[in-house]
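Just below is one structure, and these are the notes that go with it.
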Amino acid sequence: MTAKRTNPNQLGMRHFVTYISLLRAQWDKIYDGSRDNAYVYQRHIEWLKEVVPADRLVFFNVKEGWGPLCKALGEDVPKDIPFPRINDSKAIDRVAEYHIKRGLARWAVVFTVVGVLSAWWFMRV
C-alpha cells in the first residue's frame, strides 16, 4: 500500500500548534532553551560551519537576488526568471488572512447549523 501524498499548501493550520510545540522542544534541546533569536541564529550558523564542508557552504542575502547565488554555484544569472520573493511579510499576511477567514467561515456554518437545529427542536416541543 502506498501513502497518500498531500499537497503541503492544502494542509491548513490543523497541525501548526503541534509543529510549533515539537519545534520548540527540539530548539530547546539544541539551543540550550534560549529564546534569544540572535543567539539561536549564531549557534545555527556555527553548527552549519561544523557539519557542512566549507567548499559546499554558501551564505548570501536573498535581498541581493540571483547574482551572489549564481556566482557561488557557477551558473549564469537567469535573464527570463525573476528571483522568487514568495516568503515576504505580505505573502505571510495573505496566508494568515486566508486561514483566519477559512476558520471563521467554518465556525459560522457550525453556529448556523446549531441555531437552525435548535430552533427546529424548540418549535417541535
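The values are calculated or read from the model by the stated rules, or taken from the named source; none is laboratory data. The structure presented is a predicted model; accordingly, all values stated were derived computationally and were not measured. Just so you know, the surface numbers come from the protein's heavy atoms only, side chains and all, with ligands and any DNA or RNA stripped out. Shrake-Rupley method; radii C 1.70, N 1.55, O 1.52, S 1.80 Å.
Over the chain, accessible surface divided per residue gives 94 Å², non-protein components excluded, 1.4 Å probe.
Mind checking the full-extension length gain between V62 and Q26? Use 0.36 nm per residue of separation minus the Cα-Cα distance, one decimal, nm. Mind showing how you got there, number by number?
Working: separation 36, 0.36 × 36 = 12.96 nm, distance 2.63 nm.
So the chain would gain 10.3 nm between V62 and Q26.
As a fraction of the 1.4 Å probe accessible area of the chain, surface on carbon and sulfur atoms comes out at 61 percent.
Rounded to the nearest 10 degrees, the inclination of helix 89-124 to the longest alpha-carbon principal axis of the chain is 10 degrees.
Pick the calculated log10 I(q)/I(0) by the Debye sum over Cα atoms at q = 0.14 Å⁻¹ for this structure from (1) -0.78; (2) -0.61; (3) -1.05? Working out log10 I(q)/I(0) by the Debye sum over Cα atoms at q = 0.14 Å⁻¹ from the coordinates points to (3). Applied to region 45-50, the Karplus parametrisation 6.51 cos²θ - 1.76 cosθ + 1.60 on θ = phi - 60° returns per-residue 3J(HN,Hα) values of 4, 4, 4, 4, 5, 6 Hz, with x for Gly and Pro. How large is the translational diffusion coefficient of region 20-94 in µm² per second when you combine the Kirkwood radius over alpha carbon pairs with Stokes-Einstein at 10 °C and 1.306 mPa s? The calculation lands on 104 µm²/s.
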